[in-house]
């Protein structure tokens with residue numbers, strides 16, 4: 001059933017809204033959104049788990065990445081979940097580095113920021129925007145984020161008769177939410193140029209590009225790690241005719257019509273097209289220095305059985321990718 005606040009939004013828009021808008025409201029509405037108010041926790045007992053909540057191996061690998069940089073710059077973690085990654089990262093760094101390190105977190109979810117603060121205390125400074133964090137860092141920083149891009153709302157498109165039409169969301173006469181085809185257009189994703197079958201649905205994280213463009217000019221130097229699940233070629237949609245969108249409610253995956261239920265009470269996510277991230281970064285003056293599978297990034301730091309499971313190329317180690325980009329000088 002469509003909640004009243006969402007039904008009003010759909011009615012005001014003429015009977016349908018783009019799926020990207022629906023997902024943005026479902027996740028980030030200030031009163032009813034999943035991340036803004038409803039998220040319970042991150043981890044084995046929460047709504048979903050991340051690599052950082054399952055093992056410290058990712059933190060050890062990021063610590064090694066920080067130590068490999070030419071200079072010890074301030075660090076900014078974006079979307080820090082329950083704080084597990086930041087906590088393990090500090091433990092993995094030599095104490096001489098820890099006492100000098102300026103550690104910042106950008107977090108827009110009030111429930112998660114409170115959880116992070118309880119775990120990390122005064123060792124970290126919090127911000128609600130990248131612009132504010134970069135201002136405190138003097139423009140230069142090492143930036144990293146784990147499973148952030150997949151939390152950005154996606155636009156969905158379906159191919160038919162050689163055209164791409166955007167997918168929207170409408171409410172039926174009995175107040176049930178469901179998909180509807182909107183006008184033809186040009187998706188902002190390289191997937192639109194791939195040879196894909198009729199009826200194929202694709203997703204675009206173009207909202208992430210918009211977010212990145214909003215603070216890129218404030219970032220004058222450093223490097224960024226993007227860690228997420230996805231792929232860098234057309235294989236992202238192999239055997240996925242309906243795209244990669246799915247939901248998670250208390251660790252249970254939901255697909256199909258269930259995507260439109262429990263609005264604001266479940267997570268929504270889609271695989272990340274890393275080919276798009278590389279292209280968008282280049283357009284915004286970012287130089288891609290490495291793109292590799294998580295298995296390669298974690299291999300040297302995996303010690304326990306759980307670590308090795310996360311670094312398994314046939315499992316999470318192959319499903320996740322790591323993109324390293326550097327801030328190149330902006331023209332003009």
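The values are calculated or read from the model by the stated rules, or taken from the named source; none is laboratory data. Computed from a predicted model, the values in this text were never measured in an experiment. Please note: Cβ atoms are built from the backbone with ideal geometry, for glycine as well, and neighbour counts cover all protein chains shown.
Below is a table of values for the structure above.
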{"read-out": "Wholly within segment 214-332, strands (runs of 3 or more DSSP E) carrying at least 2 residues that are crowded, with 20+ Cβ neighbours inside 10 Å", "value": "221-231, 267-269, 320-327"}
{"read-out": "Residue in segment 157-165 that is modelled with pLDDT of 95 or more, under 19 Å from residue 275 (Cα atoms) and within 18 Å of the chain's Cα centre (by Cα) present", "value": "no"}
{"read-out": "Single residue of segment 229-275 satisfying the filter (touching a helix residue (DSSP H, G or I) at 6+ places or on another chain (Cβ under 8 Å) and on the phi > 0 side of the Ramachandran plot) that is modelled with the lowest pLDDT", "value": "264"}
{"read-out": "Residue tally, condition in a strand (DSSP E or B) and either exposed (fewer than 15 other Cβ atoms within 10 Å of the Cβ) or at pLDDT below 95 (or both), over segment 190-213", "value": "0"}
{"read-out": "Where residue 151 falls short, out of the listed (1) touching a strand residue (DSSP E or B) at 6+ places or on another chain (Cβ under 9 Å); (2) under 27 Å from residue 278 (Cβ atoms); (3) surrounded by fewer than 16 Cβ atoms within 10 Å (Cβ to Cβ); (4) at pLDDT below 95", "value": "(3)"}
{"read-out": "Sole exception among (1) at pLDDT below 90; (2) over 16 Å from residue 110 (Cα atoms); (3) crowded, with 19+ Cβ neighbours inside 10 Å for residue 61, by number", "value": "(1)"}
{"read-out": "Selection status of residue 167, surrounded by fewer than 19 Cβ atoms within 10 Å (Cβ to Cβ) and more than 29 Å from residue 104 (Cβ to Cβ)", "value": "no"}
{"read-out": "Residue list for segment 143-171, restricted to those being touching a residue at least 24 places away in the same chain (Cβ under 8 Å), over 19 Å from residue 15 (Cβ atoms) and in a strand (DSSP E or B)", "value": "143, 144, 145, 146, 157, 159, 160, 164"}
{"read-out": "Failed criterion for residue 179 (all others in (1) more than 21 Å from residue 255 (Cα to Cα); (2) surrounded by fewer than 21 Cβ atoms within 10 Å (Cβ to Cβ) hold)", "value": "(1)"}
{"read-out": "Any hit, segment 80-95, residues being outside any loop (DSSP other than H, G, I, E, B), free of Cβ contacts under 8 Å to residues at least 12 places away in the same chain and more than 20 Å from residue 306 (Cβ to Cβ)", "value": "yes"}
{"read-out": "Extreme residue, surrounded by the most Cβ atoms within 10 Å (Cβ to Cβ), among residues of segment 102-115 that are outside any strand (DSSP E or B) and at pLDDT 95 or above", "value": "107"}
{"read-out": "Selection from segment 121-142 of residues that are in contact with a helix residue (DSSP H, G or I) (Cβ under 9 Å, 6 or more places away or on another chain), surrounded by fewer than 23 Cβ atoms within 10 Å (Cβ to Cβ) and outside any helix (DSSP H, G or I)", "value": "124, 125, 126, 127, 128, 129, 139, 140, 142"}
